[in-house]
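Undergrad: Structure below; questions to follow.
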């Protein structure tokens, strides 16, 4: 479901970035001058199909037959006009830069099966045909380090308590500028505060509808990186950078959502039920619980997302359960006045910003279509989550629903490049006698700048 027309037109910009998201949530595409952008808005623009199916650092999943046989070829980039915005951090006096997010069509005129945004559009259309709409909000954590200090100096004084704005003293003006420039790109920041460790920050966005949340999260990640880089700081969204020395805190991506009727009523609420949960809500949660273990690889997509955090406390839930107002359950059910919201608590900031939206929609709708039964809250027999990326990828490969929604090609490319370019390198280092600190250094090499 798209929003109202953009307030911009192509003629407002000297350069336009034509952007698609790859399977890792990294922006791919090309900058073009205004005249080429105008032509692209009329009839599309040729682009390479493989752009959306490569690894974090440009690796090719060579074990996927279709790619090994060089059958990807070229496609056509189709802009989504409602996503056209200015990119303030890329603009300069005399050169105004815009960006538009788009899809890729194959030479046969059908959507590229690696297009995540198109997959979500189809799920939202299915929901819309039921007379329902999807609303969600996100909070993202990241860490900022002063360039050239080997991760020893962080942004802010870091003398306040966790999640206290006083922990970010010295960063106020930089964060004010960051929020203003993100707002200029259509990413409105609702709040920001100090996060859970040195140099850590948490930024939250307001409730948005449909694909707007994915687009905003996508722009938030690379916008924060670009703006902080210009200010002399390196930013990472990786789960556990392990620096400064002794800090094992994790960066998480908080995703909350609900479903509404066409007249704006909360469809997850039933005031006549003792627990206030509608039948729709119960089936939706049941679907997410059933597919929860298979979501893990998509929501926690790096080797670095697994393992204990500070003081050996688990960062993420250990099993696919649900509960009311719980920080430890996989699905936290929150009753707020005349509404019921669900919080998905298995997501790392290292994720592709579109994946929480896609997984919540796909699994929830599957639960509704199959009229799944909701198990008891805090069920001790709930399915355990995979404890490593390798195990998580094996579970994802076997999930027929996700293979159908994402496409077999997408699942195979995603899993193969993770196994070949990330897991294999870390396994080789460990088997060769590398220490845990050696592993941390390699993880930063793989993930610090890419996720």
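Undergrad: From 146, 135, which residue is modelled with pLDDT of 90 or more, surrounded by fewer than 23 Cβ atoms within 10 Å (Cβ to Cβ), in contact with a strand residue (DSSP E or B) (Cβ under 9 Å, 6 or more places away or on another chain) and over 21 Å from residue 82 (Cα atoms)?
TA: It is 146.
Undergrad: A further question on this structure: Go through the range 90-114 residue by residue and tally those that are crowded, with 23+ Cβ neighbours inside 10 Å and either closer than 14 Å to residue 214 by Cβ or out of contact with any strand residue (DSSP E or B) (no Cβ under 6 Å at 6 or more places or on another chain) (or both).
TA: Total satisfying the criteria: 3.
Undergrad: Inside the range 260-269, can you point out the residues that are out of contact with any helix residue (DSSP H, G or I) (no Cβ under 7 Å at 6 or more places or on another chain) and either part of a loop (DSSP other than H, G, I, E, B) or buried (at least 20 other Cβ atoms within 10 Å of the Cβ) (or both)?
TA: If the condition is that a residue be out of contact with any helix residue (DSSP H, G or I) (no Cβ under 7 Å at 6 or more places or on another chain) and either part of a loop (DSSP other than H, G, I, E, B) or buried (at least 20 other Cβ atoms within 10 Å of the Cβ) (or both), then 262, 263, 264, 265, 266, 269 are the ones that fit.
Undergrad: Look through the range 177-187, keep the residues that are touching a strand residue (DSSP E or B) at 6+ places or on another chain (Cβ under 9 Å) and free of Cβ contacts under 8 Å to residues at least 40 places away in the same chain, and return whichever of them is nearest to residue 151 (Cα to Cα).
TA: Among them, the one singled out is 179.
Undergrad: Moving on to the next point. Taking residue 322 as meeting all but one of (1) modelled with pLDDT of 95 or more; (2) surrounded by fewer than 20 Cβ atoms within 10 Å (Cβ to Cβ), write down the number of the exception.
TA: (2)
Undergrad: Suppose the filter is in the same structural domain as residue 265 (by TED's automatic domain parsing), in a strand (DSSP E or B) and more than 19 Å from the chain's Cα centre (by Cα); does residue 133 pass it?
TA: Spelling it out, residue 133 is indeed in the same structural domain as residue 265 (by TED's automatic domain parsing), in a strand (DSSP E or B) and more than 19 Å from the chain's Cα centre (by Cα).
Undergrad: If we keep just the residues of the range 433-450 that are over 16 Å from residue 250 (Cβ atoms) and in contact (Cβ under 8 Å) with a residue 40 or more places away in the chain, which is farthest from the chain's Cα centre (by Cα)?
TA: So the residue we want is 446.
Undergrad: Here's another thing I want to ask about it. Closer than 19 Å to residue 125 by Cα, assigned by TED's automatic domain parsing to the domain that holds residue 151 and either outside any helix (DSSP H, G or I) or in contact with a strand residue (DSSP E or B) (Cβ under 6 Å, 6 or more places away or on another chain) (or both): does that describe residue 243?
TA: no
Undergrad: If we scan the range 194-207, do we find a residue that is closer than 30 Å to residue 102 by Cα, touching a residue at least 60 places away in the same chain (Cβ under 8 Å), out of contact with any strand residue (DSSP E or B) (no Cβ under 7 Å at 6 or more places or on another chain) and assigned by TED's automatic domain parsing to the domain that holds residue 369?
TA: no
Undergrad: Same structure again: Would it be correct to say that residue 75 is in contact with a strand residue (DSSP E or B) (Cβ under 7 Å, 6 or more places away or on another chain), surrounded by fewer than 16 Cβ atoms within 10 Å (Cβ to Cβ), in contact (Cβ under 8 Å) with a residue 24 or more places away in the chain and more than 25 Å from residue 182 (Cβ to Cβ)?
TA: Here the answer is no, as residue 75 does not meet what is asked.
Undergrad: Filter the range 42-63 down to residues that are touching a helix residue (DSSP H, G or I) at 6+ places or on another chain (Cβ under 6 Å) and within 25 Å of residue 214 (Cβ to Cβ) and give me whichever is modelled with the highest pLDDT.
TA: Of everything passing the filter in the range 42-63, 55 is modelled with the highest pLDDT.
Undergrad: Does the range 183-196 contain any residue that is part of a helix (DSSP H, G or I), surrounded by 19 or more Cβ atoms within 10 Å (Cβ to Cβ) and modelled with pLDDT of 95 or more?
TA: Within the range 183-196 (the criterion being part of a helix (DSSP H, G or I), surrounded by 19 or more Cβ atoms within 10 Å (Cβ to Cβ) and modelled with pLDDT of 95 or more), the answer is no, since none of the residues qualifies.
Undergrad: Report yes if residue 272 is assigned by TED's automatic domain parsing to the domain that holds residue 196 and buried (at least 20 other Cβ atoms within 10 Å of the Cβ), otherwise no.
TA: Here the answer is no, as residue 272 does not meet what is asked.
Undergrad: Using the structure shown, decide if residue 37 is in contact with a strand residue (DSSP E or B) (Cβ under 6 Å, 6 or more places away or on another chain), at pLDDT 90 or above and in a loop (DSSP other than H, G, I, E, B).
TA: no
Undergrad: Evaluate the range 290-301: report whether one residue or more is farther than 28 Å from residue 238 by Cα and assigned by TED's automatic domain parsing to the domain that holds residue 187.
TA: No, because not a single residue in the range 290-301 is farther than 28 Å from residue 238 by Cα and assigned by TED's automatic domain parsing to the domain that holds residue 187.
Undergrad: Test each condition in (1) modelled with pLDDT of 95 or more; (2) within 21 Å of the chain's Cα centre (by Cα); (3) surrounded by fewer than 18 Cβ atoms within 10 Å (Cβ to Cβ) for residue 19 and report the one that comes out false.
TA: (3)
The values are calculated or read from the model by the stated rules, or taken from the named source; none is laboratory data. Being a predicted model, the structure only gives us computed values, none of them experimental. Glycine also receives a Cβ, built like all others from the backbone with ideal geometry; neighbour counts cover every protein chain displayed.
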